[in-house]
Amino acid sequence: MSDEALIRTRNLAREYHMGDSVVRALRNVSLEIGRGEFVAIMGPSGSGKSTFMNLLGCLDRPTAGEHWFDGVDVATLDTDQLARVRNAKIGFVFQSFNLLPRTSAIDNVEMPLLYSGLAPDTRRQRASERLARVGLAERAHHHPSQLSGGQQQRVAIARALVNDPLLILADEPTGALDTRTGVEIMAILQELNARGTTVVLVTHESDIARFARRVIAFRDGEVRADDRVAERHDAAAQLSAFPGEAA
Amino acid sequence: MNVLANLLVALRALRINVLRSALTMLGIIIGVGAVITMVAVGSGAQDRVSAQIRSLGANLIIVFNASSRDGRARLGAGTTYNLTEEDAEALTLIDGVVLTAPTVRGGAQVVNGADNWWTAIQGVTTDFMAARDWELVAGRAITEEDIRAGAKVVVLGETVAKAVFVNSDPVGSMVRIKNVPFDVVGVLAKKGQNSFGQDQDDVALVPLSTARKRVIGANLQTRPTGVAQILVKLQDGADAKVVEEQVTSSLRQRHNIQPGAEDDFNVRNLSEIMEAREASQRVLSYLLAAVASVSLLVGGIGIMNIMLVSVTERTREIGLRMAVGARRRDILLQFLVEAVTLSLIGGIVGIGIGILASALIANLAGWPTLIEPLSLVLAFGFSGAVGVFFGFYPARKAAQLDPIVALRYE
Ligand SMILES: Nc1ncnc2c1ncn2[C@@H]1O[C@H](COP(=O)(O)OP(=O)(O)OP(=O)(O)O)[C@@H](O)[C@H]1O
Ligand SMILES: [Mg+2]
């Protein structure tokens, strides 16, 4: 099973019906994403990137086509089983962080574990370990409103990591951040990827896409290009070149 | 996700919005508080009446002399002595009657040196105390010999004993009644007020024969064995209505009253009268409790309203929770637990306020209140049910959100 691709889609399509008109947000997407890959998805607004990410994240169901994830035909899973897959195997990072307001960083990171049936001690321990991994151990009891945007996104990444997922899906994770903070986030994602986690991220910036190994371009719901990144950027190296102290 | 983790999530959510949570609970608090208070007032009234029935003597029928037609004028009740000791004796033969106690009554001053007290002097037989379920706290009761001999002995009610024996022991002392010296042989146990507010302990018991000779006089000369009233004590479980009818027919026969003519006596079942009064009081307070429970309903609607607002406000949170692995039933449970927690905390605070209000009513207004544990358990359970009932719709609404739409909600 492990030599098989982590994600495989065949003729994947998603249509939205709005009254009489039909929006074909995604059509005929056939892709394979292997274990340990780092993929950037690019494309103009409305080209179906988020729609594709929602399908990869098992949050949505396609109107046609096949989707295999970790050797399982996703169409055969019921909603509860999909929830289990999301909980155990997928971590989400959003453009707008989506942290619970007035809730401490550590509680935010711990939240997915409430649905994993772990003992409270284990939950706490894991959450604080993940916070430490993104460099926020000393901010564990800060609320989101007391953290910078970059710090909030790092909390969100810690939350995505808390169940050791196979796949991290990040839809424009640097969209709300300045360049330097964006690179910090990319450094964390690169490090995760180096440890074996598959990462798929959506971005509008080609500079950000260079941190990935592979770039898939969407247009009008279809894959238009699928290329290896020739000169891959190293976020950690870039950070040390930035003026001022490192992250 | 287990219920405990759910409870944790719910409590965190409620703590984040303390003021709103408190305001949401207000309806339940007021509703439960009002119901508890009303039921406590109702139970208190009921309890007091049963205590009064007990103090009167359980299962007691009282036969009085009726005012009789004397020419054209109708005289006041009890001015003639139609009832006699023989009547009392005859009534003991009726099925369901345990004993009867004929009494006479008159007012007199009880004097002990400088202390004196105007009280009701009751001439009684030995069965009187059994009829009234009355005990002694000191000394002895009036005996057959006392009655036969017309002994000048008296058993004092608690109020009289306190009034004329301020510092000394009454039993063994002497008092003067109508200038006749009486030996105090006993003191009655305290009975308190009857349901008409009279002090039942403001009384002195003397032998029936002595009372006739020394205390009351005039009217009895025409009827040497006449009595003012006859207490008829019924067996436990005897049908008071049936016995009343038999008492009436027996007395009519003994008094030679023609069919169609009025009775020259009245039969009263006091416990029945009090039970009827108590029932109407109880109905009234339960009616008020029912009105109060409407505010519980309003409280429930308040919870539903706030939960709906909360679901809308937290749409993104719901989407996020679903994205990270919450199943629909986890979301349902989370919001349901939140609603039930609100209503249960409201219920507990309401119970506290109800207990407090009952105590205040008892102290300030002087109404008796009684809080029964069962009413507290019911109130608690009911407020929980309100939470489930009114929390279900908002919780289901939350659980049915589409995670993608919810995540994008602004
Ligand atoms: N819930 C929906 N109902 C109807 N149409 C939708 C819905 N979600 C997306 N679409 C449509 O599907 C198409 C693809 O949308 P999608 O969000 O995937 O674009 P995107 O590539 O992520 O764009 P952006 O870069 O702006 O985020 C768009 O035309 C959009 O209007
Ligand atoms: Mg998008």
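The values are calculated or read from the model by the stated rules, or taken from the named source; none is laboratory data. These numbers come from a predicted model, not from an experiment. Glycine gets a Cβ as well: all are built from the backbone with ideal geometry, and neighbour counts include every protein chain shown.
Here are some notes:
- Those residues of the range A:150-166 which are within 20 Å of B:ALA323 (Cβ to Cβ) and either more than 12 Å from every other protein chain (Cβ to nearest Cβ) or over 15 Å from the mean Cα position of the chain (by Cα) (or both), in sequence order: A:GLN152, A:GLN153, A:ARG154, A:VAL155, A:ILE157, A:ALA158, A:ASP164, A:LEU166
- Hey, A:LEU99 in a helix (DSSP H, G or I) and either buried (at least 21 other Cβ atoms within 10 Å of the Cβ) or not basic (Lys, Arg) (or both) or not: no
- Residue pairs meeting the criteria (Cβ under 9 Å; at least 6 apart or on separate chains; first farther than 19 Å from B:ALA101 by Cβ and small (Gly, Ala, Ser), in the range B:43-69; second part of a strand (DSSP E or B) and modelled with pLDDT under 80): B:SER67/B:ARG74; B:SER68/B:ARG74
- When the range B:127-148 is filtered for residues that are over 25 Å from the mean Cα position of the chain (by Cα), surrounded by 15 or more Cβ atoms within 10 Å (Cβ to Cβ) and not in a helix (DSSP H, G or I), the ones remaining, listed by number, are B:ASP127, B:ALA138, B:GLY139, B:ALA141, B:ILE142.
- Residue within the range B:284-307 that is closer than 30 Å to A:SER116 by Cβ, within 14 Å of chain A (Cβ to nearest Cβ) and buried (at least 16 other Cβ atoms within 10 Å of the Cβ) present: no
- Strands (runs of 3 or more DSSP E) within the range A:160-247 that include 3 or more residues buried (at least 22 other Cβ atoms within 10 Å of the Cβ): A:167-171, A:198-202
- Selection count, the range B:86-115, where residues are surrounded by 15 or more Cβ atoms within 10 Å (Cβ to Cβ) and assigned to a helix (DSSP H, G or I): 4
- Test for A:ASN87: is it at pLDDT 95 or above and within 14 Å of chain B (Cβ to nearest Cβ): yes
- Close Cβ contacts (under 7 Å, 6 or more residues apart or on different chains) running from residues in the range B:159-172 that are touching a residue at least 12 places away in the same chain (Cβ under 8 Å) to residues that are of a type outside the set (Asp, Glu) and part of a loop (DSSP other than H, G, I, E, B) comprise B:ALA161/B:PRO170; B:PHE165/B:SER173.
- Residues of the range B:287-345 classified as within 45 Å of the chain's Cα centre (by Cα) and small (Gly, Ala, Ser), total: 10
- The range B:308-320 - residue that is touching a residue at least 24 places away in the same chain (Cβ under 8 Å) and away from chain A (no Cβ under 14 Å) and, of those, surrounded by the fewest Cβ atoms within 10 Å (Cβ to Cβ): B:LEU308
- Condition check for A:ARG124: part of a helix (DSSP H, G or I), basic (Lys, Arg), within 14 Å of chain B (Cβ to nearest Cβ) and farther than 30 Å from A:GLY34 by Cα: yes
- Evaluation of A:SER47 against the conditions (1) within 9 Å of ligand 1 (Cβ to nearest atom); (2) among the hydroxyl-bearing types (Ser, Thr, Tyr); (3) in contact with a helix residue (DSSP H, G or I) (Cβ under 8 Å, 6 or more places away or on another chain) shows that the sole unmet condition is (3).
- Checking each residue in the range A:102-119 for being within 8 Å of chain B (Cβ to nearest Cβ), under 26 Å from A:SER145 (Cα atoms) and either among the acidic types (Asp, Glu) or surrounded by fewer than 21 Cβ atoms within 10 Å (Cβ to Cβ) (or both) picks out A:ARG102, A:THR103, A:ASP107.
- Within the range A:51-66, tally of residues that are of a type in the set (S, T, N, Q) and buried (at least 21 other Cβ atoms within 10 Å of the Cβ): 2
- Condition met for A:VAL29 (of a type in the set (Val, Ile, Thr), more than 14 Å from every other protein chain (Cβ to nearest Cβ), surrounded by 18 or more Cβ atoms within 10 Å (Cβ to Cβ) and without any contact (Cβ under 8 Å) to a residue 60 or more places away in the chain): no
- Test: residue in the range A:46-61 that is away from ligand 2 (no atom under 16 Å from the Cβ) and within 13 Å of chain B (Cβ to nearest Cβ): yes
- Residue count for the range B:377-405 under the criterion of being under 17 Å from B:MET304 (Cα atoms), touching a residue at least 60 places away in the same chain (Cβ under 8 Å) and not basic (Lys, Arg): the result is 13.
- Given (1) under 30 Å from B:GLU313 (Cβ atoms); (2) surrounded by fewer than 22 Cβ atoms within 10 Å (Cβ to Cβ); (3) within 16 Å of ligand 1 (Cβ to nearest atom); (4) of a type in the set (A, V, I, L, M, F, W, C), index of the condition A:VAL85 fails: (3)
- When B:ASP146 is tested against (1) touching a Lys or Arg at 6+ places or on another chain (Cβ under 8 Å); (2) modelled with pLDDT of 90 or more; (3) within 23 Å of B:THR84 (Cβ to Cβ), exactly one condition is not met: (1).
- Residue match in the range B:321-340 (condition: within 16 Å of ligand 1 (Cβ to nearest atom), within 14 Å of chain A (Cβ to nearest Cβ) and assigned to a helix (DSSP H, G or I)): yes
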